[in-house]
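The values are calculated or read from the model by the stated rules, or taken from the named source; none is laboratory data. From a predicted model like this one, the values you see are computed outputs, not experimental measurements. Cβ atoms come from the backbone with ideal geometry, glycine included; neighbour counts cover every protein chain shown.
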Amino acid sequence: MTIDLDKLESLAKAAGAGKWTPTYGVTIEPAMVWHEDGDSVCRCFDNIGHQPDAIDGDYIAEYIAAVSPASILALIAELRALREDKARLDSGCYMRTDWDDFSNDTIQIRSKGNDLRKMIDAAMALEPK
């Protein structure tokens, strides 16, 4: 599954960055999530349109409040950084410094086509535990 981060980011920003608070239902009121401006965001019902029992409704309201626009924006930023790291690893390219015997100087060598994940794993295996 590929997530459209730009669309998700714009939706999260449009929803507002304020505090999202769960409120819990009583027997006649389903659990809801409120934004700090007082607007009800979600009324929690089960899949056939009935109010879930209070315990389920409470968990649903807590979950929805935790998945606020701010937390979604933080996840998007972290996912973008991880995708950049993956692209660098997938490139298989790195620069290394070597010694030039003829000029008695160091030179930079570009190395391509490497399995960087395997190289990192091998280096980490050398670390004392």
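Of all residues being outside any helix (DSSP H, G or I) and surrounded by fewer than 10 Cβ atoms within 10 Å (Cβ to Cβ) in the range 107-129, which is modelled with the lowest pLDDT? Just the residue, please.
Looking at the filtered set, the residue picked out is Lys129.
If you go through the range 59-76 and pick out every residue that is at pLDDT 80 or above and either of a type in the set (A, V, I, L, M) or within 11 Å of the chain's Cα centre (by Cα) (or both), you end up with 8.
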